[in-house]
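Asker: Sharing a structure, written as structure tokens. Questions coming.
The values are calculated or read from the model by the stated rules, or taken from the named source; none is laboratory data. Source: prediction; values computed, not measured. Note that we place each Cβ from the backbone using ideal geometry, even for glycine, and neighbour counts take in every protein chain shown.
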Amino acid sequence: MLHIDYTASQPLHQQIEEQICSLIATGMLRPNDWLPSVRQLATDISINPNTVQRAYSSLEEKGVIVSVKGRGSFVSPDLSAIDRIYTKNIDSMLREVITKAALAGWSKDRIYSEFSKVLEEEATQK
């Protein structure tokens, strides 16, 4: 289910969070789908259960998953939390790209042109 990169600079709990969000965003995990228990996932990916618990707690705080005492953790039936997370992340990345382009002396028109070109290239690849 998840693939952890133990050599990455990104903390393991964040890798778990991002991958679960990605599985939900791509439809591989659907609303109300059951998630492995903390202990089961920790065993499956050879990681400390506290790290998995940290990821699950963060995802629950963000509204991505819900935990039901005695039953386990499930994908939230409300997918708006995933949309908010991706919107925030993409907004941040776009702002960074625009800032770098502006620092490189690009005009607003050139930035629009480059974004349009990339969007067209992506559209033709699908």
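Asker: As an exercise: evaluate Tyr86 against (1) without any contact (Cβ under 8 Å) to a residue 60 or more places away in the chain; (2) within 30 Å of Asp33 (Cα to Cα) and give the number of the one condition it does not meet.
Answerer: Going through (1) without any contact (Cβ under 8 Å) to a residue 60 or more places away in the chain; (2) within 30 Å of Asp33 (Cα to Cα) one by one, Tyr86 breaks only (1).
Asker: Could you name every one of the helices (runs of 4 or more DSSP H) located completely within segment 9-121 that has at least 2 residues being among the hydroxyl-bearing types (Ser, Thr, Tyr)?
Answerer: In segment 9-121, the matching helices (runs of 4 or more DSSP H) lie at 49-61, 80-103.
Asker: Right, something else. Out of everything in segment 84-115 that is more than 25 Å from Cys21 (Cβ to Cβ) and acidic (Asp, Glu), what residue ends up being surrounded by the most Cβ atoms within 10 Å (Cβ to Cβ)?
Answerer: Result: Glu114.
Asker: Another one. Which members of segment 23-48 meet the condition of being surrounded by 14 or more Cβ atoms within 10 Å (Cβ to Cβ) and at positive phi?
Answerer: Within segment 23-48, no residue meets the criteria.
Asker: Would you point out the residue of segment 16-48, among those that are without any contact (Cβ under 8 Å) to a residue 60 or more places away in the chain and either among the small types (Gly, Ala, Ser) or not assigned by TED's automatic domain parsing to the domain that holds Glu61 (or both), that is farthest from Lys62 (Cα to Cα)?
Answerer: Restricting to residues being without any contact (Cβ under 8 Å) to a residue 60 or more places away in the chain and either among the small types (Gly, Ala, Ser) or not assigned by TED's automatic domain parsing to the domain that holds Glu61 (or both), the top hit is Ser46.
Asker: Further, regarding this structure: Working only within segment 49-83, note down all residues that are loosely packed, with under 12 Cβ neighbours inside 10 Å and without any contact (Cβ under 8 Å) to a residue 24 or more places away in the chain.
Answerer: The answer is Asn50, Glu61, Val68, Lys69, Gly70, Arg71, Ser80, Asp83.
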